[in-house]
1. Which of the residues spanning the range 119-137 are surrounded by 10 or more Cβ atoms within 10 Å (Cβ to Cβ) and more than 15 Å from S331 (Cβ to Cβ)?
2. With G359, G323, G329 as the choices, which residue is assigned to a helix (DSSP H, G or I), over 40 Å from the mean Cα position of the chain (by Cα) and either farther than 30 Å from E461 by Cβ or of a type in the set (V, I, T) (or both)?
3. Taking interchain pairs and intrachain pairs at least six residues apart, which have beta carbon atoms under 7 angstrom, with the first residue in the range 205-218 and without any contact (Cβ under 8 Å) to a residue 40 or more places away in the chain and the second among the aliphatic types (A, V, I, L, M) and in a helix (DSSP H, G or I)?
4. A177: closer than 30 Å to Y61 by Cβ, of a type outside the set (D, E, K, R) and at pLDDT 95 or above, yes or no?
5. What number of residues within the range 350-367 satisfy the criterion of being in contact (Cβ under 8 Å) with a residue 12 or more places away in the chain and either more than 30 Å from G323 (Cβ to Cβ) or hydrophobic (A, V, I, L, M, F, W, C) (or both)?
6. Any idea which of (1) without any contact (Cβ under 8 Å) to a residue 12 or more places away in the chain; (2) outside any helix (DSSP H, G or I) is the one G80 doesn't satisfy?
7. Suppose we keep only residues that are modelled with pLDDT under 95 and assigned to a helix (DSSP H, G or I) within the range 467-492. Which one would you say is surrounded by the most Cβ atoms within 10 Å (Cβ to Cβ)?
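The values are calculated or read from the model by the stated rules, or taken from the named source; none is laboratory data. As the structure is a prediction and not an experimental result, all values here were calculated from the model. With ideal geometry, Cβ positions are generated from the backbone for all residues, glycine too; neighbour counts draw on all protein chains shown.
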Amino acid sequence: MGSPNQCRGWCGRTALGVGLSLAAAPHAPAQPAAPPPPRMYAPATPQPAQPAPAAPRPTTYPIDLPTALRLADANNPTVGVARARVREAVAQLDRARVAWIPNLSFGPTVFYHDGVDQNRRGDIFTVARGNYTLGVGPTMRVEVSDALYLPLVARQHVRAADEHARAATNNIQLDVAVAYLDLMELHGLMAINADILDRTEQILRAAQLGAKAGLNKTAADVNRAATEVNLRREEGIVLRGRTDAAAARLARLLLLDPTVELTPFEVAVVPVTLVPGEYTLEQLVQTALLARPEVVVAQAGVAAADALVRQAKMAPLLPRVQGEFIFGGLSGGRGNDFSPLQSQYNTGVALVWNFENFGLGNAATVRGRRAGQDAAVFRLRETEALVSSQVVEAAQTSAARFETLEPAQEAVRQAQEMYRKFREASFGVVGAKAQFDALEPLTAVQALNAARVQYLQQVVEFNRSQFRLYTAIGQPPLGGFNCAVPHPVDVPAVPGTPAAPPKLPDPRPAPAVPPAKP
């Protein structure tokens, strides 16, 4: 809200700017004014500007948090990709398990030679000959070390992919919970804005009546109140846009039609505890290290690296098994005179031990895989440190936010009382000079707005920190509704809503879902 001094400064700068513009014009000797040319057409009648057409409001759909979390679990593409990776890893495990099973090979072979040839005695001669064969049978070529150890590696990859999918699910559910709380906060801010706007409009009407009666303390009281009213209207427009954007972000996470405006089903905004406060930080950290999927993914990486090291060590000692049994027919002869197709079969088995580069290559492979194993161990330690810090950070933030709730409520109480007193004194024209003073009630309204906004933000941020803490200890946010405890408060966070709901939304029954994104 600008002061009279600021207004005078702005007006002075404006007048000064106009004066400088006129002074900067080039001076020319006075010339007699030329008569205007005769008007050849009628002057155009100014037309009022047409207002821009208002955009149609999208269809609204109320949604509660459990429904949003279930939709995220079913529809989100990130979760779908992670689960597809699990199926891919399972297929690779199945492939590794059947390495011992021979391949089935079949097909024809055609050969023809015309020209100089050499027999086994070394004689050179000219001949035209050819043959074709048709065979079918099992063949195999198996590295025993691969057949023994690669299934172990593939099993750890399945474990890692499965836990990675669980981590993706938890993270997406957390993103949805935070986006839903963002939407609730913005709707609460809109309610606060509407209440504050109503109060400022009352002050403006009182200032206008006081101006007509000559009872205003200053001539700028109406301007001061009108400024506050327009600032609140501007704030409401901005909040409306932010709310629409938040609804679109939530629809994107749920893969819903973005033209459907999602609105929170819950009316009251109250603090909700998902993780009881009696647990110590050490207990929460230990729970997270045992339950977080990211830790299990890192552990699976260490186990897979260990299996690869053992395979590299055993590879020179384990043979490669080669074998085939081909049954079919052979036809051949000189020139184009081929004999009838006659049956034949070929069989053979071989065991081959291989020392790469006289064993030096095998030793290098072992060293490389040991380095990979060390890297996997370091990644595990890094993940454990990250998980521990996330748990402590979320727990400390949640505790601090909870402690702010009481002073935030008291600030709202005091601001409401201050507004009541100023309103009674100013609107009733009570004072030594019996004058209306718009500054005092406007100051109270601004303080009430700041206190309510701060209180709402503290409640919503506490709920965000609880969801972050619940996810940080390895639990899916959707499961938090089974242990969620709402905390009744004396002062509602949103004007005109109850201080506490009778119960939290039931996460089990699923209401109708909005249309999916086309």
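1. V127, A128, V136, G137, listed by residue number.
2. Result of the check over G359, G323, G329: G359.
3. If the second residue must be among the aliphatic types (A, V, I, L, M) and in a helix (DSSP H, G or I), the pairs left are Q208/V222; A211/V222.
4. Criteria met by A177.
5. Matching residues across the range 350-367 total 6.
6. (2)
7. P477
One line per residue, one yes/no per condition, for (1) in contact with a helix residue (DSSP H, G or I) (Cβ under 8 Å, 6 or more places away or on another chain); (2) outside any helix (DSSP H, G or I):
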residue	(1), (2)
A226	yes, no
E235	yes, no
A251	no, no
L262	yes, yes
G301	yes, no
A304	yes, no
